[in-house]
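Single-structure report; data block below.
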Amino acid sequence: MTTFVDRVELHVAAGNGGHGCASVHREKFKPLGGPDGGNGGRGGDVILVVDQSVTTLLDYHHSPHRKATNGQPGAGDNRSGKDGQDLVLPVPDGTVVLDKQGNVLADLVGQGTTFVAGQGGRGGLGNAALASARRKAPGFALLGEPGEARDVVMELKTVADVALVGYPSAGKSSLISVLSAAKPKIADYPFTTLVPNLGVVTAGSTVYTIADVPGLIPGASQGKGLGLEFLRHVERCSVLVHVLDTATLESDRDPVSDLDVIEAELSQYGGLDDRPRLVVLNKIDIPDGQDLADMIRPELEERGYQVFEISAIARTGLKEFSFALAGIIAEARAAKPAEEATRIVIRPKAVDDTGFTVTQEEDGIFRVRGEKPERWVRQTDFSNDEAVGYLADRLNRLGVEDALMKAGARGGDGVAIGPEENAVVFDWEPTMMAGAEMLGRRGEDHRLEAPRPAAQRRRDRDAERDESQREYDEFDPF
């Protein structure tokens, strides 16, 4: 059964925003008390957060679909809807988030680092929030925005200072087991190590982490063996250690050729040429192993490698090796630039930035793209003429109508607002009335023009009394 997963495809869906409420306050003796519709709640976000206690992406391999809760709709009496609850997903330290095209969206390193994978939708405004001096009693409310839904790929890259690389059964697992408290699986057959193992080593005042990567073979960078699946785990390491087997039983192999093969695979994988290398000649406790180590050590030192002869079983040569690693890691940490606090940079928009674009496509349709127009369209209830008129007003104030005219649009031309797969298309008229002319002046509510019943009854009684008095006056013979 799979217990370690370091690459998954995750399907996230943030919560939808709640719809605003269109309501009119009703109370005895106040037949039209004004709008009191509340706003809809915000949809929940999907947030990835680094948790040191999580070491694998296995949970997301079994459950790749994750969704946050929706916001609640608003209600009358100025009651706003409840916000949706954010969905927090813990991920291991060193997780890289990519989109489907392979572009890096976030590199999550360090406890508590967060990334919003899906943004929750905004809640729609109720008619109480839409009321103004010109629009005293809106008969509509805005719809909640849909939450962001997208697919992301998560890759785990182990965060360690040292990576042990080499052929299968070279003794990497044995070495990490004697240098640290890690307890990897050790056996006398290839590919015993199927997942990266991490260990913590203390050498003097320096504490560092060491990773045992599954064995590499020729063609690992092209997917042979387990190499391509786990080579990503050496990318963050400061030092690479070649563990060479000086007592191999295979006649066609020797430590120098093993080193050349592994270096060729690392070079083809790319991005590791600047890492310092050390060479460990393991299994010198075997007589033939010691003789072979004495033969090849001068050649390796001529190539510029720092060579250590060790025996993981007999635990010889480990102290010198661990302190040499500590020295290299201390230098790498000292050379690393100090982390500075993130500076908040405010970039104001240009004066001539309208926030939208208008382009004419090959089929003659004029397409409007921009955050505000597309959001306003998503929040419009097209079954309500007054809501459509309100949208027309907003687009006109933003300058969409003027931009369409400058782009060459004429009455009756097709206009699409939004992306091709999810756009609102209509036949444009320069007045941008879009059917709202049925309401009279845009934004007005005819209910305000109608007299209130009580006042009308008083006026009717006064008119009847005046009429009776007039008839009496005309009849009076005196």
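The values are calculated or read from the model by the stated rules, or taken from the named source; none is laboratory data. Computed from a predicted model, the values in this text were never measured in an experiment. Glycine gets a Cβ as well: all are built from the backbone with ideal geometry, and neighbour counts include every protein chain shown. We work out accessible area using only protein heavy atoms, side chains counted, and drop any ligands, DNA or RNA first. Shrake-Rupley method; radii C 1.70, N 1.55, O 1.52, S 1.80 Å.
Among the listed pairs Lys30/Lys136; Lys172/Lys283; Lys172/Lys319; Lys157/Lys283, which are separated by more than 22 Å between their Cα atoms? Don't skip to the answer; put the middle values down first.
Details: Lys30/Lys136 15 Å; Lys172/Lys283 11 Å; Lys172/Lys319 16 Å; Lys157/Lys283 30 Å.
From the list (Lys30/Lys136; Lys172/Lys283; Lys172/Lys319; Lys157/Lys283), the Cα-Cα distance tops 22 Å for Lys157/Lys283.
Over region 78-129, average the accessible area per residue using a 1.4 Å probe and give it in Å², no decimals. Intermediate values should be presented prior to the final figure.
Numbers: 2580 Å² over 52 residues.
About 50 Å² of surface per residue is accessible.
Once you place label points 7 Å from the Cα toward the Cβ at Arg461 and Leu58, how far apart are they in nm?
Placing both labels 7 Å beyond Cα along the Cβ direction yields 8.2 nm.
Quick one: if you stick a label point 7 Å off each Cα along the C-beta vector at Arg333 and Ile286, how many nm between them?
Rounded to a tenth, the inter-label distance reads 3.6 nm.
Stretch Asn396-Glu302 to full length: gain in nm at 0.36 nm per residue minus the Cα-Cα span?
Difference between extended and current length: 26.2 nm.
Charges only on Cβ, +1 for Lys and Arg, -1 for Asp and Glu: so what's the dipole of region 8-77 about the Cα centre, in debye to the nearest 20?
380 debye
In nanometres, what is the gap between the two model label sites at Thr357 and Lys30, each 7 Å from Cα along Cα-to-Cβ?
5.0 nm
Starting from the Kirkwood Rh over alpha-carbon pairs, what translational D in µm² s⁻¹ does region 351-396 have by Stokes-Einstein at 4 °C and 1.567 mPa s?
For these conditions, the coefficient is 109 µm²/s.
Can you sort Lys406, Lys172, Lys67 by solvent-accessible area, 1.4 Å probe, largest first?
Lys406, Lys67, Lys172
Heavy atoms of the protein only, probe of 1.4 Å, neighbouring chains included. What is the accessible area of His61 in Å², nearest 10?
Solvent-accessible area, nearest 10 Å²: 100 Å².
Report, in whole Å, the centroid distance computed from the Cα atoms of region 135-165 and region 59-79.
Answer, in whole Å: 13.
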